[in-house]
Amino acid sequence: MSKSRQGANSIHAAAGNGLLHRRALLGRGVMVAGAMGAGATGALTAAAAEPLTEAPWSLAPGQATPPYGHPSRFEKAVVRTVDNPNNAPGGSRARTPHHLLKGTITPNGLHFTIMHAGIPDIDPAEHKLVIHGMVKQPLVFDLDTLSRYRMVTRIGFVECGGNSAPMFSNEPIQADVQALHGLASCAEWSGVPLATLLDEAGVDASAKWIIAEGADAPHLSRSVPLAKVMDDALVAMYQNGERIQPGQGYPMRLYLPGYEGNMNVKFLRRIQVTDQPGMTYFESKIYTDPLPNGKDTQFYFVQEVKSFITSPSPGLKLREPGVYEISGIAYSGNGRIAKVLVSTDGGKSWAEAALDEPRLPKAFSRFNMAWRWDGGPAILQSRAWDEAGNVQPTREQFVAKRGQTSKPPSVLGFPGHHFNAITSWAVQPDGEVRHVYA
Ligand SMILES: Nc1nc2c(c(=O)[nH]1)N[C@H]1C(S)=C(S)[C@@H](COP(=O)(O)O)O[C@H]1N2
Ligand SMILES: [Mo]
């Protein structure tokens, strides 16, 4: 690519079907900025030179500032989809609207939420956390005693093992990114390292696991290898700077960076140190997957490398041919994202997307790529690599290993877990975007 400054209309192809080099992005920005200032020629100048009219909100004082702020009333569509709004028995799932968000931090009210039996209304003054089992000294903490320890803060994702499960279907289900991938979110978590508390309790040399239990009605329990706990597990009490939401486990949850959502036990109330796993319901039945070869995966902890395009995506119609920004999210339970490639011709050619900094381990990374849509057929895909050397599989590769299902979409539920293959969006001639397999 030439180093000299290119004219606004000069296009640098990075790959087939209109993918543009990053430099073209700069060109676009300069063109608009120049037009906004004095002296540039063209249609943009004419628009910028029009006198601004005074809207009503410019003519009178505005409203009082509320004690707790909320998004503008014009943002009412930016909400989670709750699949069991009346809280009937059987659990509920609320999904993050990725197509309407940018950046990497999920606002607290939009964090995805899975409850197996509703959200308990826990009085923080009554809540206790007990550590017992293979320890020298069993301990009990309340919120106050816990808050006297040094807290650490880290940004990281939570992803349900069942996220993207509709893509086990052998036919592409017509759904948006919220329905397909909305069971993953990313937040800043602050809390006390569980290692600190276990050190204080004095763990037996022969201990190998902990069993964590929640205070909600199902007393959700999961076993976690002690090595992971000592590495980076948190007893999290804050989410994006404020006390964690009731749906995220108020007043405290186990946070296990990069590990399957279900293991991040909310309303954490008891930790038993053991030398073997508890073989609890959620690890022996629910999050165990049968494989095509007749074997089962069990204790499959890490959420593997994954990415998907959030814009354009189903529901976000392209108004007309022209230059668009392809934007999406990539993450890996193994560490940082190393690179993301984007294709707009269904995987025939690929170009490397720009990754926002900082790139944090086991957290969302935002990728961007400029694209000129000529109005013709296009299939948009992203593919991520993590720093541990893992690559996101194609759908074909994934299905060969993990299988697929012909059950009708209405009964799909979670036909499998840990789906992380490539997602494909087909742009129609009218600008609508559809989910396809390519
Ligand atoms: N106590 C308790 N912990 C729980 C759950 C629950 O229902 N009760 N749901 C689990 C599941 S299935 C997932 S995917 C994650 C979701 O975390 P989030 O709701 O904060 O996004 O919490 C896990 N921890
Ligand atoms: Mo989950």
Fill in the blank from the handout: Restricted to the stretch 285-332 and to residues being polar (S, T, N, Q) and open to solvent by 50 Å² or more (accessible area, probe 1.4 Å), the residue nearest to ligand 2 (Cβ to nearest atom) is Gln298
Practice task
Answer with yes or no whether Met230 is assigned to a helix (DSSP H, G or I) and touching a helix residue (DSSP H, G or I) at 6+ places or on another chain (Cβ under 9 Å).
Solution key: yes
Handout entry: Looking only at the stretch 257-298, and only at residues there that are of a type in the set (D, E, K, R) and either touching a Phe, Trp or Tyr at 6+ places or on another chain (Cβ under 7 Å) or in contact (Cβ under 8 Å) with a residue 40 or more places away in the chain (or both), the one that is farthest from ligand 1 (Cβ to nearest atom)
Key = Asp275
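Count, please, the residues in the stretch 188-214 that happen to be farther than 15 Å from Tyr149 by Cα and in a strand (DSSP E or B). Can you show your working first?
Of the stretch 188-214, the ones farther than 15 Å from Tyr149 by Cα are 188-189, 202-214.
Narrowing the set further to residues that are in a strand (DSSP E or B) leaves 188-189, 203, 209-214.
Going through the stretch 188-214 one residue at a time, the tally reaches 9.
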Problem - Qualifying residue in the stretch 75-93 (condition: buried (at least 16 other Cβ atoms within 10 Å of the Cβ), under 14 Å from the mean Cα position of the chain (by Cα) and of a type outside the set (Gly, Ala, Ser)) - result: yes
Problem - Residue that is in contact with a helix residue (DSSP H, G or I) (Cβ under 9 Å, 6 or more places away or on another chain) and either in a strand (DSSP E or B) or on the phi > 0 side of the Ramachandran plot (or both), where the choices are Arg270, Arg222 - result: Arg222
Problem - Residue within the stretch 87-102 that is without any contact (Cβ under 8 Å) to a residue 60 or more places away in the chain and basic (Lys, Arg) present - result: no
Practice task
Would you check if Ala117 is within 10 Å of ligand 1 (Cβ to nearest atom) and open to solvent by 30 Å² or more (accessible area, probe 1.4 Å)?
Solution key: yes
Practice task
For the stretch 155-177, name all the residues that are open to solvent by 10 Å² or more (accessible area, probe 1.4 Å) and away from ligand 2 (no atom under 16 Å from the Cβ).
Solution key: Ile155, Asn170, Glu171, Pro172, Ile173, Gln174, Ala175, Asp176
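The values are calculated or read from the model by the stated rules, or taken from the named source; none is laboratory data. Model, not experiment: these values are computed from the prediction. Note: ideal-geometry Cβ built from the backbone for every residue, glycine included; neighbour counts use all protein chains shown. Quick note on the areas: whole protein, heavy atoms, side chains included, nothing else; ligands and nucleic acids left out. Shrake-Rupley method; radii C 1.70, N 1.55, O 1.52, S 1.80 Å.
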